[in-house]
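Each remark here refers to the structure printed beneath this line.
The values are calculated or read from the model by the stated rules, or taken from the named source; none is laboratory data. From a predicted model like this one, the values you see are computed outputs, not experimental measurements. In this analysis, Cβ positions are derived from the backbone assuming ideal geometry, glycine residues included, and neighbour counts consider all displayed protein chains.
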Amino acid sequence: MKFNLDNLVVEYEKLSEEMSNPEVLKDRKKAREVAWKKKQIEEAVTLYKEYKIINNALEEAKEILQTSKDQDMIDLALMQKEESEIKIEELEEKMKLALLPKDPNDEKNIIVEVRAWTGWDEAALFAGELSRAYINFAEELGYKIEIDEQSDAEWGWIKEIIFEIKWEWAYSKFKYEAWTHRVQRIPETENKWRVHTSAITVAVLPEVDEVDIEIKPEDVEMSFCRASGAWGQHVNKTDSAVHLKHIPTWVAVFCQDGRSQHQNREKAFQILRSKLYAFAEEKRSKEIWDTRLAQVGSWDRSEKIRTYNYPQDRVTDHRIGQNFSWIPIIMSGRLAPIIDALAIADQTQQLEKASRGE
């Protein structure tokens, strides 16, 4: 056999035993670590068990071909050999992917921040369009959407929007969207028909809780003010809006869309934890971010990952050098072809590194 994962099977069985240990289950953090390790190798173990069964069938077929003189048995063995070899080849490719290191954030809910950056009103217009595309794409997948904060420009355009996407594997779908998106088109406010270039930034943060990261109360500066909702709801009634500032990192969060100060406080701390988690992840392991396609480049926010060229009806993802057409369809939420292409490129890159022993 090309693959021998018997040690992995033993490890999986050991982790399964730990998951049924009451002492492990009492420790929430430990239980999550064990569950994650188990899930990380589960697919590879399942494929390997099937792989061993097919290999045994192949060896039996080869033995019959070497020893039998019964033509019917030989014909059956030839068929079994051919089918087994095809299946083994398929399983080996699947196992290669299953053995790649997993991103521990892939299964998490996410917080998405879309901000107009350069280009004034045109950037705010595009920020609104791209955020709607993300929301439409997520809703088609059956994900739940919650808008946490929205800052509008004139004419209903969006300067900044923060929203949550809740469902399994949300981060795996959206992680490649992080960084700077550039748009080239003739703005609605342009009377000389000149193409302008604008840019927006997108942040994709995995949702975390107290188990993932601890925030010391003395490290947080908290203040309250009266909310000013987009449609006037809850305006000037109570000091329900919450502003948090994490003193060691200067990371700030403002939340006002909840119906009470308590809701806004909980939501603000949730966003703060996600921001600090992302900050710590980058600081702790720059290599992870260097190899993640969504974060390649000079680490300057001016580094664009994608260009939306409206006059040429072309979306170019610069990380993989691939073009996609039909911008109106893409901006309606049909993002799957782009996201799938990035995921395939990411897996291919990891496989190439694994084959080189990196």
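Below are the figures for this structure:
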| quantity | calculated |
| --- | --- |
| Selection within the range 44-59 - more than 11 Å from residue 3 (Cβ to Cβ) and not aliphatic (A, V, I, L, M) | 46, 49, 50, 56, 59 |
| Flag if residue 5 is at pLDDT below 95, touching a Phe, Trp or Tyr at 6+ places or on another chain (Cβ under 9 Å), surrounded by 14 or more Cβ atoms within 10 Å (Cβ to Cβ) and not charged (D, E, K, R) | yes |
| Sole exception among (1) of a type outside the set (Ser, Thr, Tyr); (2) free of Cβ contacts under 8 Å to residues at least 40 places away in the same chain; (3) surrounded by 15 or more Cβ atoms within 10 Å (Cβ to Cβ); (4) outside any strand (DSSP E or B) for residue 145, by number | (4) |
| Members of the range 93-128 found to be among the polar types (S, T, N, Q) and under 15 Å from the mean Cα position of the chain (by Cα), listed by number | 105, 109 |
| Looking only at the range 308-341, and only at residues there that are touching a strand residue (DSSP E or B) at 6+ places or on another chain (Cβ under 7 Å) and either outside the structural domain of residue 201 (by TED's automatic domain parsing) or part of a helix (DSSP H, G or I) (or both), the one that is surrounded by the most Cβ atoms within 10 Å (Cβ to Cβ) | 330 |
| Meets criteria (modelled with pLDDT of 90 or more, of a type outside the set (A, V, I, L, M, F, W, C) and surrounded by fewer than 15 Cβ atoms within 10 Å (Cβ to Cβ)) for residue 90 | yes |
| Filter result (of a type in the set (A, V, I, L, M) and touching an Asp or Glu at 6+ places or on another chain (Cβ under 9 Å)) within the range 36-46 | 41, 45 |
| Pairs, first closer than 18 Å to residue 175 by Cα in the range 308-337, second part of a helix (DSSP H, G or I) and of a type in the set (S, T, N, Q), C-beta under 8 Å, six or more apart | 333/136 |
